[in-house]
Amino acid sequence: MEFVEYGKKEGGLVVYFHGVPGAIEECALFDNYAKNHNLRLISFDRFSIDNSLDRESYYQAIADQIKLQAGTELVDLIGFSIGAHVALEVGALLSGNVRYTHLISAAAPLNAGDFIGNMAGGVIFTLAMEKPFVFLLLTQCQKLIAFLAPRMLVNMLFSSSTGKDKELSGQPDFKNYITPVLKICFKSRVKGYIRDINFYVTWLDNLNKYKISVHLWHGTKDNWSPYTMASYLCDAIPSATGIEAMEGLSHYSCLYEAAPQIFAKLEKS
């Protein structure tokens, strides 16, 4: 399985699970943090995994690749947005091989509460659950826009931004960062994107099986993954150590501000 690598080659291993939509290039944001704190950061191209695999085989394939990279070393996991659900499922399979798990702007299981009506992507998740053909058509439209006008796709996705995401989404540096990430996702990894959405919306609440230390980082103004999701996850995961409530931040602004703090903690641990 392909992966990207940042930070220091001989540093402690950290595996990043990107968001959905997203791509492995997302974690380029953390390169300097990883270098400064003597960490090796990798992100696997999970969207390229064979689409014939069932849910359990998909998670196991990622876990096996992490074991190959880690060897006998303990690994730390970082999950962002819907990538948090993949991080938890894979982390449970890795068991004693994981040291710490950090979840940023994490999405909780949809069956665990009345979340979907307060989510900016709620319509997409409802379509994926109730009208899969319409969901596929919408995704193909997004793919076409990614080919023809990727900046338009960015503007569409961030049109409902709240908190500091509204300011962030208008900054040229952020647009230069996020545009190729979304472009790659919808142009060449769309089947993997669809799979992750489908696995997420059918993710059952089995969080009591997770025994590894979990710390949550969440913006109080997040409307992609509402703050109530972080509260739920903190209560539902027996090994959760708490939530860092990031005042005034939303989805990506939380990612930006949480990242340097997480990498500093991982070096000190």
Point to revise | Within region 1-18, considering residues that are among the aromatic types (F, W, Y) and under 17 Å from S105 (Cβ atoms), the one surrounded by the most Cβ atoms within 10 Å (Cβ to Cβ) | key: F17
Exercise for review: Return yes or no: is K211 touching a residue at least 60 places away in the same chain (Cβ under 8 Å), touching a Ser or Thr at 6+ places or on another chain (Cβ under 9 Å) and in a loop (DSSP other than H, G, I, E, B)?
Suggested key: yes
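Residues checked against (1) out of contact with any Gly (no Cβ under 7 Å at 6 or more places or on another chain); (2) at pLDDT below 95:
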position	(1), (2)
S105	no, no
A112	yes, yes
F115	yes, yes
G121	yes, yes
V134	yes, no
C141	yes, yes
L144	yes, yes
F147	yes, yes
M152	yes, yes
Point to revise | Unique residue being touching a helix residue (DSSP H, G or I) at 6+ places or on another chain (Cβ under 7 Å) and not in a strand (DSSP E or B) when the list is L13, L77, L53 | key: L53
Practice item. Within region 19-38, track down each residue that is in contact with a strand residue (DSSP E or B) (Cβ under 6 Å, 6 or more places away or on another chain), of a type outside the set (F, W, Y) and either within 23 Å of E89 (Cα to Cα) or surrounded by 21 or more Cβ atoms within 10 Å (Cβ to Cβ) (or both). Key: G19, I24, C27, A34
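How about region 93-115: which of its residues are of a type in the set (G, A, S), in a helix (DSSP H, G or I) and touching a Leu at 6+ places or on another chain (Cβ under 9 Å)?
Kept after step one, since they are of a type in the set (G, A, S), are these residues of region 93-115: 95-96, 105-108, 112-113.
Those still in the list that are in a helix (DSSP H, G or I) too: 95-96, 112.
Hits for region 93-115 are G96, A112.
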Practice item. Write out, first by first residue and then by second, each pair whose Cβ atoms fall under 8 Å of each other, whose residues are 6+ apart or on separate chains, and whose first residue, in region 234-258, is over 24 Å from T162 (Cα atoms) and of a type in the set (G, A, S) while the second is part of a strand (DSSP E or B) and at pLDDT below 95. Key: S239/S213
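Of the residues Y6, Y59, only one is assigned to a strand (DSSP E or B) and in contact with a helix residue (DSSP H, G or I) (Cβ under 8 Å, 6 or more places away or on another chain); which?
Testing whether each residue is assigned to a strand (DSSP E or B) and in contact with a helix residue (DSSP H, G or I) (Cβ under 8 Å, 6 or more places away or on another chain) leaves just Y6.
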Exercise for review: Might you let me know whether region 129-152 holds any residue that is without any contact (Cβ under 8 Å) to a residue 40 or more places away in the chain and among the acidic types (D, E)?
Suggested key: yes
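The values are calculated or read from the model by the stated rules, or taken from the named source; none is laboratory data. Just so you know, these numbers come straight off a predicted model, no measurement behind them. Glycine also receives a Cβ, built like all others from the backbone with ideal geometry; neighbour counts cover every protein chain displayed.
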